[in-house]
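Worksheet for the structure shown next.
No lab work stands behind these numbers, since they all come straight from the coordinates. All of these numbers come straight from a predicted model, not from anything done at the bench. Glycine also receives a Cβ, built like all others from the backbone with ideal geometry; neighbour counts cover every protein chain displayed.
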Amino acid sequence: MIYICIPTFDEAPTVGVLLWRIRKVFQEYAREYEILVYDDASTDSTRELLLPYAKAMPLTVIGGPSRVGYARSVDALLREASQRTRYPRRDAVIVMQADFTEQPEGIPELVKRFEGGADVVVAERVVPADAPEPVRKLHRLAGWLPRLWPIRGAVTVEGITDPFGSLRLMRITVVRDLLRAAGDLPVTHAPATWQANLDFLRAAVAQARRVETVPLPLRFDVRQRPTRRDPWPDAWALVKEGWASRGRPRPPTAA
């Protein structure tokens with residue numbers, strides 16, 4: 001089973017098209033799947049739009065009346081998938097954005113690497129020239145941060161060129177291990193999406209025996225809203241977190 005986990009907030013213009021494209025991918029790629037969507041108290045018609053899709057495909061929508069943010073949304077989705085699985089060694093979760101910048105046609109390649117033995121598969125983003133300026137600027141800043149030697153180890157993941165993207169696959173045994181390490185607390189409290197993605201990836205890689213990467217070209221021409229990226233505050237948040245975490249112990253790696 002592949003659990004497609006999608007955190008959403010006010011994504012009515014794109015989430016329906018994304019779901020239909022995921023359905024088409026799995027019609028052509030025979031693999032059992034479920035879609036889990038966390039609606040983070042959307043203020044538009046996201047919740048209402050999702051309801052008819054649940055009648056046509058294996059879709060479950062979760063989420064409460066209060067906004068919890070990206071990190072807590074992903075945390076809830078991972079816990080939901082972990083509870084649902086019957087075969088944690090054979091099943092996996094894929095986390096992806098709802099704004100359609102990450103193309104579902106890349107899912108089969110992630111699953112192929114998983115079936116070949118990878119515990120974590122990271123889609124490393126290829127930012128196109130027509131990406132919004134805040135996205136391109138933040139991507140450049142994120143690439144520059146590892147050069148700051150005092151925080152280098154806190155903002156990098158060994159073997160991963162781009163640890164800040166959202167799209168990645170994790171074997172559910174890895175998900176269970178990282179959730180067990182977190183206990184009753186969230187895996188991360190990071191307020192920024194990129195920072196939360198880094199924290200989730202570091203926690204997953206620490207529990208994985210094999211990690212692989214695949215390139216992922218992004219698309220921004222199909223997204224129906226302006227980017228929510230704010231490069232300088234996001235980059236500064238990573239610098240502050242990196243500096244604060246210099247002395248923290250690293251999570252134990254898988255044996």
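Quick notes on this structure:
- If you go through the stretch 49-93 and keep only what is small (Gly, Ala, Ser) and part of a loop (DSSP other than H, G, I, E, B), you end up with Gly63, Gly64, Ser66, Gly69.
- Criterion violated by Ser66 - all others in (1) surrounded by fewer than 19 Cβ atoms within 10 Å (Cβ to Cβ); (2) of a type in the set (Gly, Ala, Ser); (3) under 26 Å from Leu198 (Cα atoms); (4) touching a helix residue (DSSP H, G or I) at 6+ places or on another chain (Cβ under 9 Å) satisfied: (4)
- Taking the criterion of being within 14 Å of the chain's Cα centre (by Cα) and of a type in the set (Ser, Thr, Tyr), the residues of the stretch 159-208 that qualify are Ser166, Thr188, Thr193.
- Each residue in the stretch 161-178 was checked for being in contact with an Asp or Glu (Cβ under 7 Å, 6 or more places away or on another chain) and in a helix (DSSP H, G or I), and 2 pass.
- Selected residue [more than 15 Å from the chain's Cα centre (by Cα), within 26 Å of Arg176 (Cβ to Cβ) and not hydrophobic (A, V, I, L, M, F, W, C)] from Glu28, Glu34, Glu48: Glu34
- The stretch 7-48, subset in contact with a Pro (Cβ under 7 Å, 6 or more places away or on another chain) and assigned to a loop (DSSP other than H, G, I, E, B), residue surrounded by the most Cβ atoms within 10 Å (Cβ to Cβ): Asp40
- Remark: pairs (first residue in the stretch 71-90, surrounded by fewer than 23 Cβ atoms within 10 Å (Cβ to Cβ); second residue assigned to a helix (DSSP H, G or I) and acidic (Asp, Glu); Cβ separation under 9 Å; 6+ apart in sequence or on different chains) = Ala71/Asp199.
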